[in-house]
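K.L.:
Quick one: structure below, then a few questions.
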Amino acid sequence: PRVCVVGSGPGGFYTAQHILKHHGGALVDIYEKLPVPFGLVRFGVAPDHPEVKNVINTFTQTARSERCAYYGNVTVGRDVTVPELQQAYHAVVLSYGAEDSRVLGIPGENLSGVYSARAFVGWYNGLPENRDLKPDLSCETALILGHGNVALDIARILLSPLQLLRKTDITDSSLAALACSKVKRVWLVGRRGPLQVAFTIKELREMINLSGARAVLDPADFTGLESAVKDAPRPRKRLTELMIKTALEKPVEMQATAAGAAALREWGLKFQRSPQEVLPSADGRRVRAIRMALTRLEGSGDSAKAIPTGDVEELECGLVLSSIGYRSLPLDPAVPFDSQRGVIPNSSGRVEGVPGLYCSGWVKRGPTGVIITTMNDSFDTAQSVLEDLQGGVLDISPSREGFGLVEGILHSRGVRPVSFLDWEKIDAAEVARGKAAGKPREKIVDPAEMLQIIGH
């Protein structure tokens, strides 16, 4: 059987890996719109978390299997359609992730100085589409809307000492911008309370221990929570206890750094505030503050809803980063799509009403969870494909040409795919450039330059 996977992030690679491992004859082709593979492992994981990127080694083994092929620089839905892929393969799995951001839907969100977390992360991680972002870091106070791990990542990058970032694979241009940054205070604001934060204890602890930055948590926000969290699941309990402990600690006057005490940076969590409007500067162009509606919680635990109380406050800031979630987009008119939930309607990864079409990763279940969540989810979809192959649901009697058919289509449309060997040349060039600068790699951010390196 010939199987094709659309998307080379964790969702795509884990799906391919599971099918290859458990079906000795299956051939899997992976399509990716960028010349370079690995999706959010390359473009989402924070530069100072290199250990999380180790899964790339596993993905590389999968891609090097003689039953697997990688075709980068191919945009499915434009260069080749999903129905065309269905003619070429026995099964098609869509694992293209979430390539958009949820919008705030409030006045002023298009002012200069307001960015989506996705674009900001893409900028410091070298995602080609965000390479020209040029965020304005000339203000002292930044405000991040959202209480997830991505929000903490951004806060950490904004406040990290440069010598820590210099040893990572953060892009050269963002490192230069951060070196001139005036940001010294970061507020992370959420609509709900401390019991509803979505970040994990590992990320919070890392932020609390960040050198040269102090945590500012208001003890009043945590009143009575110790008893409320008594019977909560252990991860939630430990996370809340760490926030309470941090809030109650007397701030130790931090050792004056060599640059003098003025270099002190701080960050904090603000709760039960919902953004109403981004307020402009006097010239009407830039962000000056955000008007927040104060909220009260109805219900408890994860299902608690934030209801506006009628009171408002203004938080001054010169930089706003909206980290309220990623969003998947429809890929091809031939594929059913639930635009309310931003997912492809499916049952265990089988796309509803379209036999032979599957989905895995964020486009299957929504943009939540970490790499391990996506791994389990992808294995689940791969299992559905294997069951359908074994149970005769997928008819594999007609032989399918796979890439043989697609290659002709791409050629007729002037598209030249990039192979995994090509990627390894780009990879080697990045590592060599990084070595010269004492970094693990210097990412190439311009696709034209990537294609030039491989002689396309």
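K.L.:
In the stretch 3-57, which residues are farther than 23 Å from ARG350 by Cα and of a type in the set (Asp, Glu)?
P.N.:
ASP48, GLU51 - these are the residues of the stretch 3-57 that are farther than 23 Å from ARG350 by Cα and of a type in the set (Asp, Glu).
K.L.:
Just to verify a result, which residue in the stretch 264-316, among those that are among the small types (Gly, Ala, Ser) and surrounded by 14 or more Cβ atoms within 10 Å (Cβ to Cβ), is farthest from ILE154 (Cα to Cα)? It would help to see each step written out before you state the result.
P.N.:
The initial filter retains those residues of the stretch 264-316 that are among the small types (Gly, Ala, Ser), namely 268, 274, 281-282, 284, 289, 293, 299-301, 303-304, 306, 310.
Next, from what is left, pick out any that are surrounded by 14 or more Cβ atoms within 10 Å (Cβ to Cβ): 268, 274, 281, 289, 293, 304, 306.
Values: GLY268: 13, SER274: 20, SER281: 24, ALA289: 19, ALA293: 24, ALA304: 26, ALA306: 24 Å.
The selected residue is ALA304.
K.L.:
Another one. Could you figure out which of (1) more than 21 Å from VAL287 (Cα to Cα); (2) over 19 Å from the mean Cα position of the chain (by Cα) isn't true of CYS180?
P.N.:
(1)
K.L.:
Suppose we filter the stretch 10-39 for residues that are open to solvent by less than 10 Å² (accessible area, probe 1.4 Å) and under 20 Å from GLU424 (Cα atoms); how many remain?
P.N.:
Here the count works out to 10.
K.L.:
Give just the number: which of (1) in contact with a His (Cβ under 8 Å, 6 or more places away or on another chain); (2) of a type in the set (A, V, I, L, M); (3) more than 12 Å from SER323 (Cβ to Cβ) does ALA198 not satisfy?
P.N.:
(3)
K.L.:
Answer yes or no: is there a residue in the stretch 116-135 that is under 30 Å from ARG350 (Cβ atoms) and of a type in the set (Val, Ile, Thr).
P.N.:
Step one: of the stretch 116-135, the residues under 30 Å from ARG350 (Cβ atoms) are 118.
This time we only want the ones that are of a type in the set (Val, Ile, Thr), so: none.
Looking through the stretch 116-135, none of the residues is under 30 Å from ARG350 (Cβ atoms) and of a type in the set (Val, Ile, Thr).
K.L.:
For the condition within 18 Å of ALA69 (Cβ to Cβ) and β-branched (Val, Ile, Thr), what is the one hit in ILE454, ILE444? Let's see the steps before the verdict.
P.N.:
Working: ILE444 fails: within 18 Å of ALA69 (Cβ to Cβ).
Exactly one of ILE454, ILE444 is within 18 Å of ALA69 (Cβ to Cβ) and β-branched (Val, Ile, Thr), namely ILE454.
K.L.:
Residues GLU84, GLU51: which one is within 30 Å of LYS167 (Cα to Cα) and among the charged types (D, E, K, R)?
P.N.:
It is GLU51.
K.L.:
Need the failing condition index for PRO336 against (1) in the same structural domain as LYS270 (by the TED database); (2) modelled with pLDDT of 95 or more; (3) closer than 23 Å to VAL103 by Cα; (4) open to solvent by 30 Å² or more (accessible area, probe 1.4 Å), just the number.
P.N.:
(1)
The values are calculated or read from the model by the stated rules, or taken from the named source; none is laboratory data. What you see is a predicted model, and the numbers here were worked out from it, not measured in a lab. FYI the Cβ positions are ideal-geometry reconstructions off the backbone, even for glycines, and counts take in every protein chain you see. Remember, those area values only see protein heavy atoms, side chains included, never the ligands or the DNA or RNA. Shrake-Rupley method; radii C 1.70, N 1.55, O 1.52, S 1.80 Å.
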